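Some notes on the structure that comes next.
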Amino acid sequence: MPADSHCHLNDPAFADDREEVAQRARDAGVGPILNIGYDPSTSLEAIELAERNSDMYASVGLHPHHASMMSPQLATEMENMASHERVVAIGETGLDYYRDRSPRDKQAESFKIQLALARKLDKPIVIHCRDAMEDCLAILRAEGIPKAGGVMHCFAGTTQDAKAAMEIGLYISFAGNITYPKAQNLRDVIKTIPAHRILLETDAPYLSPQKKRGKRSEPSFLPMIVAVVAEARGVTAEDMGRVSVSNFNTLFLQGPGGKGEITYKIRDSLYINVTRECTNECGFCVRFFSDTLQGHNLRIDRDPTAEEMIAGVGDPRDHSEVVFCGYGEPTMRLDRIKEVARWVKERGGRTRLDTNGHGSHIAGRDIAPELVGLIDQVSVSLNAQDATTYDEICLPLIPDAWIKVIAFIKSARDAGLDVTASVVPVPDKVDVEACRKLAEDDLGVRFRVRPYNLPG
Ligand code: SF4
């Protein structure tokens, strides 16, 4: 950890010390690494590096700077190279109107040919886009990306650009320029992107991070980028490194890897993946888009037993809190929660329940009093200022769901539990200030705006 999703150890800049650079990356804990081809010879070199190094993969591509080289013969040659099993992507390709080293019509033609190759081989497309976002997105929309997806590398656009790219199905990759003092705009953009859509890269030998600015970049510098990104997103470098590897595996190796996790750590909290079932189908719920949350594979194939949850907790005092959460509604397994929470409390740990507030409906009785002494904090997803909005964004599977959420918050408050009501600020739907007023003034509980896909 972390994974370098875009670098060029295949570049002549590393001709004299390629092996030493690769070893420095391993010593810094960086890997896997994707070496990106940008012309025929660097594509071949990337493949040879991947054949010699189990922690490296290759892409085959023709950079927009070299787009004038594209021909039917070269397209055939690229297809032959790209069929190699260690080639996990096509590109980099795209549009570069900043340098304009090839005519724009040639850039577009080469881009379309490589998109077609990526679709044919169903390998992700790696996109270089500089000062050409509008045309780039138009080509992607018109031509279509491979089912395997793709990535907008070295992202330097706006939040709206990132949103448009994600709607097409792309990941967004950030490079060393996000560490530059004047790049606050990029640090603001990355805060808005769901964790399961982020990749990190050095783009070595280019774009060294701020601490090494002016020097040749190399993959061992990636932790400097990770540290800046982690700080911007309010998570740890370990969290961000894990996200980068999980997303690398998902995009380029066709799966996050590993089994679904029963317990998982984010920052210094330990989360328990209690169940896969839920009484809502919220439009923003990450479980509908991704197997991973903050780089953890949460796609369990069955609900865990209490013994399995306890085994995953270890010593409860090693965590700031133990949170009952997961890819579903934990109160669907109330008895197991109470059993594990009791075990945690007896050993001096702190507990939190993240719930949609449907627990009393599910149990057929008021469950709030049963949580007293077992759960230190309850976070309830209020999610909307009224029942109509709640039904629109949460698609509840139970009747009168919002009314039941409000009733649970009141009951938990009256039982003396420490309650926080939260919302995800879904644009044009959720009136955050109305929700805040409802929580703080009318219900008398704390209020929190939750960023999408960032628990805690
Ligand atoms: S209540 Fe939570 S787990 Fe259930 S669908 Fe909504 S966000 Fe997902």
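The values are calculated or read from the model by the stated rules, or taken from the named source; none is laboratory data. Everything quoted here is computed from the prediction, not taken from an experiment. As a convention, Cβ positions derive from the backbone with ideal geometry for all residues, glycine included, and neighbour counts pool all protein chains shown. Ligands, DNA and RNA are stripped out before the accessible areas are found, and what is left, the full protein with its side chains, is counted by its heavy atoms. Shrake-Rupley method; radii C 1.70, N 1.55, O 1.52, S 1.80 Å.
Values as computed for the structure displayed
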quantity: Antiparallel DSSP beta bridges within the chain, as percent of all bridges there, nearest 5; calculated: 10
quantity: Distance histogram in 5 Å bins (all Cα pairs of the stretch 65-136, percent per bin); calculated: 3, 18, 29, 24, 15, 9, 2
quantity: Size of electric dipole in the stretch 263-449: Cβ of Lys, Arg +1 and of Asp, Glu -1, about Cα centre, debye, nearest 20; calculated: 420
quantity: Simple Cβ-charge dipole of the chain, Lys/Arg +1 and Asp/Glu -1, about Cα centre, in debye nearest 20; calculated: 540
quantity: Sequence-separation-based contact order of the chain, relative, with Cα cut under 8 Å and 6+ spacing, percent; calculated: 10
quantity: Helix axis angle, 401-414 relative to the chain longest principal axis, alpha carbon, degrees; calculated: 60
quantity: Accessible surface, per residue, of the stretch 4-252 when the full set of protein chains is kept, probe 1.4 Å, Å²; calculated: 39
quantity: Stokes-Einstein D in µm²/s, Kirkwood radius over Cα pairs - the chain at 20 °C with 1.002 mPa s viscosity; calculated: 91
quantity: Net charge of Cβ neighbours under 11 Å - reference T279; Lys, Arg +1; Asp, Glu -1; calculated: -2
quantity: Total charge dipole magnitude, the stretch 346-409, about the Cα centre, Cβ charges on Lys, Arg, Asp, Glu only, Debye to nearest 20; calculated: 260
quantity: Rounded tilt (10° steps) of 133-143 against the dominant C-alpha axis of the chain; calculated: 90
quantity: 15 Å beta-carbon shell around G258, net charge (K/R +1, D/E -1); calculated: +1
quantity: Links that overshoot a 30 Å alpha carbon limit, given the list K191/K265; K191/K437; K147/K404; K345/K437; calculated: K147/K404; K345/K437
quantity: For the stretch 4-252: relative contact order, % (alpha-carbon pairs under 8 angstrom, 6 or more apart); calculated: 18
quantity: Alpha-carbon centroids, the stretch 224-290 and the stretch 382-456: separation in whole Å; calculated: 24
quantity: Apportionment of accessible area to carbon and sulfur, the chain, percent (1.4 Å); calculated: 49
quantity: Euclidean distance between Cα centres, the stretch 1-20 to the stretch 101-124, Å; calculated: 24
quantity: Which of S102, L200, G357, positive extreme of dipole for the chain (C-beta unit charges); calculated: G357
quantity: Total formal charge among the other residues, if their Cβ is under 11 angstrom from that of S290, Lys/Arg +1 and Asp/Glu -1; calculated: +2
quantity: Prolate/oblate/rounded call for the stretch 248-385, Cα gyration tensor, a/c under 1.5 rounded; calculated: oblate
quantity: Mean shadow area of the stretch 208-290 over all directions, Cα convex hull, nm²; calculated: 7.6
quantity: Most positive-pole-ward Cα, H128, S59, M69, against dipole of the stretch 59-148 from beta carbon charges; calculated: S59
quantity: For the stretch 305-456, accessible area per residue (1.4 Å probe, heavy atoms of protein chains only), Å²; calculated: 42
